[in-house]
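Note sheet for the following structure.
The values are calculated or read from the model by the stated rules, or taken from the named source; none is laboratory data. Everything quoted here is computed from the prediction, not taken from an experiment. Here the Cβ positions follow ideal geometry from the backbone for every residue, glycine too, while neighbour counts run over all protein chains shown.
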Amino acid sequence: MRQLLLLRHAKSAWDDPGLSDHSRPLNARGRAAAAAMRQALLGLALSPDVVLVSSARRTLQTLEALEPWEEMPIIEPMDALYLASAAQLLKVLNGVAETARSVMVIGHNPGLHDLAVQLAGGARDPGDARRLQEGFPTGALAEFVVPGAWRTLGRGGARLHRFVCPRDLPQLAL
């Protein structure tokens, strides 16, 4: 069994109209959510072997907030993940080495959400499945169990194990 972690970048800033979309940083809320997600990953003992991350500033800053790792994963920033569609994301995942047990993708909507919905061939918790169908908020994490090979991963080829949103975390509760 393999594990796939899909993490949407945390909330980004829109206050500098001179910045390109690719260069937008996290805002204060996003930094807090990413730090809380790090604690959640630690608490759930989620530690990927490989992290594939969009080259956008906000995704790289989300990754930085998850560090340091218990065991350092292979980290691969990829221009191809910037605003990638579900089909493009799946193509990247199909190219992952079969030796990778756990892969995290840090990316963007709508592609990340579309991919998560397409992959879900079942769910441990129907409530998580319903919430995932409704949307994939900034900073959210979808954890999947992948029974087959990366190269054959496709529609319905994974089982949603959990879906965690920053608002679910006690550190961010109002």
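A few remarks follow.
- The one condition in (1) aliphatic (A, V, I, L, M); (2) closer than 23 Å to ARG167 by Cα; (3) touching a strand residue (DSSP E or B) at 6+ places or on another chain (Cβ under 6 Å) that LEU42 fails to fulfil: (3)
- Complete set of residues in the stretch 82-94 that are touching a residue at least 12 places away in the same chain (Cβ under 8 Å) and under 21 Å from ALA56 (Cα atoms): TYR82, LEU83, ALA84, SER85, ALA86, GLN88, LEU89, LEU90, VAL92, LEU93
- ALA56 vs. criteria more than 23 Å from THR152 (Cα to Cα), among the hydrophobic types (A, V, I, L, M, F, W, C) and modelled with pLDDT of 95 or more: yes
- Listed by first and then second residue, the pairs with beta-carbon distance under 8 Å, at least 6 apart or on different chains, first residue in the stretch 39-57 and over 23 Å from ASP168 (Cβ atoms) and touching a residue at least 24 places away in the same chain (Cβ under 8 Å), second in a strand (DSSP E or B) and not hydrophobic (A, V, I, L, M, F, W, C), are ASP49/SER102; VAL50/GLU76; VAL50/SER102; LEU52/GLU76; SER54/PRO77; SER54/GLY107; SER55/PRO77.
- Matching option when the condition is surrounded by fewer than 15 Cβ atoms within 10 Å (Cβ to Cβ), among the aliphatic types (A, V, I, L, M) and modelled with pLDDT under 95, among ALA149, ALA120, ALA129, ALA173: ALA173
- Where ALA123 falls short, out of the listed (1) within 16 Å of the chain's Cα centre (by Cα); (2) farther than 28 Å from SER20 by Cβ: (1)
- Subset of the stretch 78-116 (residues that are surrounded by fewer than 18 Cβ atoms within 10 Å (Cβ to Cβ) and either part of a helix (DSSP H, G or I) or charged (D, E, K, R) (or both)): ASP79, ALA80, ALA87, GLN88, LYS91, ASN94, GLU98, ARG101, ASP114
- Filtering the stretch 1-34 to residues that are surrounded by fewer than 24 Cβ atoms within 10 Å (Cβ to Cβ), in contact (Cβ under 8 Å) with a residue 12 or more places away in the chain, aliphatic (A, V, I, L, M) and in a loop (DSSP other than H, G, I, E, B) leaves MET1, ALA13.
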